[in-house]
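Contents: one structure, followed by commentary.
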């Protein structure tokens with residue numbers, strides 16, 4: 001069971017499919033993608049991702065406010081808990097810290113991140129965490145506000161080996177995207193090699209970051225195949241082993257039946 005653990009289905013480029021999302025989903029299914037997690041980034045798309053999940057038994061949703069989509073008012077944890085009160089929602093986020101693109105609202109980002117982690121703890125739904133150029137603060141806030149029995153995943157991981165293993169110690173999983181296929185990503189492939197297979201997820205983060213040999217094109221869930229193939233090459237194991245183990249990891253983290 002191949003799973004795309006992080007995709008933005010409401011933002012896909014559907015022009016190759018005449019605007020038909022179902023056709024794009026079927027293209028992924030035809031390549032063996034059996035589950036997808038459609039990610040919320042703000043209040044505006046929460047209902048859209050829930051609706052996509054409600055129409056498709058193999059798609060789940062998350063709800064949350066991306067650190068780059070914060071408004072002037074930070075959502076309290078109670079509001080996030082209410083937003084997540086839907087059977088198709090299995091995760092809180094994406095949330096986290098991004099100091100690469102935005103440093104003028106660090107305090108708001110940190111407050112929002114804490115609130116998401118508290119909502120995850122209250123709902124028992126793991127957190128989807130975005131982190132960029134904020135290693136120390138990301139880990140510090142996880143230590144402060146996360147419930148290790150719920151935890152979550154650092155998605156589209158591009159940080160250091162040391163940060164990955166610190167997150168593993170906090171019971172988080174690490175998800176890798178098509179970036180690991182890029183020619184200039186040797187250091188990141190070393191991180192993949194160092195993370196135990198029972199804590200790895202694979203994702204597309206589509207429509208962004210299409211893997212080689214599709215780099216430069218709009219990404220979509222069917223290209224998670226290339227990410228899993230790259231993990232297999234790095235780990236020196238079979239593609240089928242990667243598919244089976246990452247599916248088991250996903251289902252364990254999000255408390256889903258196989």
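Please treat every number below as a calculation from the coordinates, not as lab data. Fair warning: this is a prediction, and the values are worked out from it, not measured in the lab. Using ideal geometry, Cβ is built from the backbone for each residue, glycine included, and neighbour counts are taken over all protein chains shown.
General observations
- Residue under evaluation residue 58, criteria (1) more than 22 Å from residue 203 (Cα to Cα); (2) out of contact with any helix residue (DSSP H, G or I) (no Cβ under 6 Å at 6 or more places or on another chain), criterion not met: (1)
- Selected residue (criterion: nearest to residue 242 (Cα to Cα)) from residues of segment 32-55 that are part of a loop (DSSP other than H, G, I, E, B) and in contact with a strand residue (DSSP E or B) (Cβ under 8 Å, 6 or more places away or on another chain): 32
- Condition broken by residue 66, with the remaining ones in (1) in contact with a helix residue (DSSP H, G or I) (Cβ under 8 Å, 6 or more places away or on another chain); (2) surrounded by 15 or more Cβ atoms within 10 Å (Cβ to Cβ); (3) within 21 Å of residue 155 (Cα to Cα) satisfied: (1)
- Residue selection: residue 225 fails the criterion of being buried (at least 23 other Cβ atoms within 10 Å of the Cβ), in contact with a helix residue (DSSP H, G or I) (Cβ under 9 Å, 6 or more places away or on another chain) and part of a helix (DSSP H, G or I).
- For segment 173-219, filtered to residues that are in a loop (DSSP other than H, G, I, E, B) and touching a strand residue (DSSP E or B) at 6+ places or on another chain (Cβ under 6 Å), the residue that is surrounded by the fewest Cβ atoms within 10 Å (Cβ to Cβ) is 195.
- Residue count for segment 1-24 satisfying the condition of being touching a residue at least 24 places away in the same chain (Cβ under 8 Å) and surrounded by fewer than 24 Cβ atoms within 10 Å (Cβ to Cβ): 8.
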